[in-house]
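The structure appears right after this line, and notes come after that.
Every number in this text was worked out from the coordinates using simple rules, so none of it is lab data. Remember, it's a predicted structure, so these values are computed and weren't measured experimentally. Cβ coordinates were reconstructed from backbone atoms using ideal geometry, including for glycine residues, and neighbour counts include every protein chain displayed.
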Amino acid sequence: MRSHRTSTGPSQRQLRVGEQIRHIMAETLQRGNFHDEKLLDTSQISISEVQATPDLRNATAYVVALGNSNIESLIPALNNASHIFQKDINAHSNLKFTPRIRFTIDKSFEQSKRIDELLGDITYAADYDESSEDKQ
């Protein structure tokens, strides 16, 4: 009898495979054997996370820019070079199927920065309200 999972998050296997794929892809980026001129200097980008689908046939790689590189222009080049990453994943992993890789921009750092700013504004407003009450 099959158990029904109630959690909506990824399974341990998905997390483990995603991390293994991320390491392989980072090594591929370091080697830099790409034909596209935009990918000749890959030292300015980093793969922050790889999320695999439950069937492990597709994976999304989240990419973040280090420094002043324009990540928006690199995403199409990375997606065009995804076959290079897939070959390395196939060669260095023991997965039954090599997942299709899709690259996207990692916006989690921007979102966390925005949340920190909002929380800072709340703290500042609370401090301001307390000091104005003390004066009355």
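The table for this structure:
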| item | result |
| --- | --- |
| Rounded to the nearest 20 debye, dipole of the range 12-105 from Cβ charges on Lys, Arg, Asp, Glu | 420 debye |
| Residues of the range 34-76 with amide N under 16 Å of the 7 Å Cα→Cβ point at R13 | 52-59 |
| Alpha-carbon spread of the range 12-105, three principal axes, descending order, Å | 35, 21, 18 |
| Efficiency of FRET between R57 and A26 - r from beta-carbon atoms, R0 25 angstrom, step 0.05 | 0.70 |
| For the range 12-105: relative contact order, % (alpha-carbon pairs under 8 angstrom, 6 or more apart) | 31 percent |
| In order through the range 10-25: 3J(HN,Hα) via Karplus (6.51 cos²θ - 1.76 cosθ + 1.60), integer Hz, x for Gly, Pro | x, 6, 4, 5, 4, 5, 5, 5, x, 5, 5, 5, 4, 5, 5, 5 |
